[in-house]
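The values are calculated or read from the model by the stated rules, or taken from the named source; none is laboratory data. Small disclaimer: the values here were computed from a predicted structure and weren't measured. Methodologically, a virtual Cβ is constructed for each residue, glycine included, from the backbone with ideal geometry; neighbour enumeration extends over all protein chains shown.
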């Protein structure tokens with residue numbers, strides 16, 4: 001989204017690109033390697049310039065004051081203590097439609113725990 005703010009078509013030539021229509025709605029998710037109190041995470045969710053909506057952390061958006069669950073290092077502390085390093089961020093329109101956010105703290109499939117979000121798209 002930040003790139004889209006600054007992207008400008010190049011002059012005509014063999015490598016010219018053009019802007020394509022995009023949705024104002026977005027979800028950004030993954031292993032950010034940041035704790036919930038990391039200032040870099042706060043910057044990521046800070047308001048953008050212009051009309052680009054800020055990103056919203058869906059855990060507190062849905063779960064209120066409940067602390068983020070641990071999403072990494074639950075079963076192997078080689079790389080640190082258990083803690084939240086994974087997030088699902090969304091634009092405000094989608095955050096308003098998020099109904100449930102669940103972190104599966106039982107699975108051992110990865111060194112990170114999956115986060116599942118259910119949206120009301122109706």
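In this entry, residue 82 is excluded by the filter for residues that are at pLDDT 95 or above, surrounded by 12 or more Cβ atoms within 10 Å (Cβ to Cβ), more than 17 Å from residue 116 (Cβ to Cβ) and under 15 Å from the mean Cα position of the chain (by Cα). Criterion applied to 54, 39 was being modelled with pLDDT of 95 or more, over 23 Å from residue 109 (Cβ atoms) and surrounded by fewer than 15 Cβ atoms within 10 Å (Cβ to Cβ), and the one residue passing it is 39. The residues of segment 92-122 that are farther than 18 Å from residue 74 by Cβ, assigned to a loop (DSSP other than H, G, I, E, B) and in contact with a strand residue (DSSP E or B) (Cβ under 7 Å, 6 or more places away or on another chain), listed by number, are 97, 120.
Does residue 9 satisfy being modelled with pLDDT of 95 or more, loosely packed, with under 10 Cβ neighbours inside 10 Å and over 15 Å from residue 115 (Cα atoms)? For residue 9, the condition - modelled with pLDDT of 95 or more, loosely packed, with under 10 Cβ neighbours inside 10 Å and over 15 Å from residue 115 (Cα atoms) - is not met.
Among the residues of segment 43-58, those identified as in contact (Cβ under 8 Å) with a residue 24 or more places away in the chain and in a helix (DSSP H, G or I) are 44, 58. On the stretch given as segment 77-91, residues that are over 22 Å from residue 23 (Cβ atoms) and either assigned to a loop (DSSP other than H, G, I, E, B) or in contact with a helix residue (DSSP H, G or I) (Cβ under 6 Å, 6 or more places away or on another chain) (or both) total 8.
Report yes if residue 94 is at pLDDT 95 or above and over 16 Å from residue 31 (Cβ atoms), otherwise no. Judged against the criteria, residue 94 is a match. Filter segment 106-122 down to the residues that are more than 15 Å from residue 60 (Cβ to Cβ), touching a residue at least 12 places away in the same chain (Cβ under 8 Å) and either exposed (fewer than 13 other Cβ atoms within 10 Å of the Cβ) or touching a helix residue (DSSP H, G or I) at 6+ places or on another chain (Cβ under 9 Å) (or both) and list them by number. The answer is 108, 116, 118, 119, 120, 121. Considering segment 62-72, the residues that are closer than 15 Å to residue 113 by Cα and either at pLDDT below 95 or in contact with a strand residue (DSSP E or B) (Cβ under 6 Å, 6 or more places away or on another chain) (or both) include one that is surrounded by the fewest Cβ atoms within 10 Å (Cβ to Cβ), namely 70.
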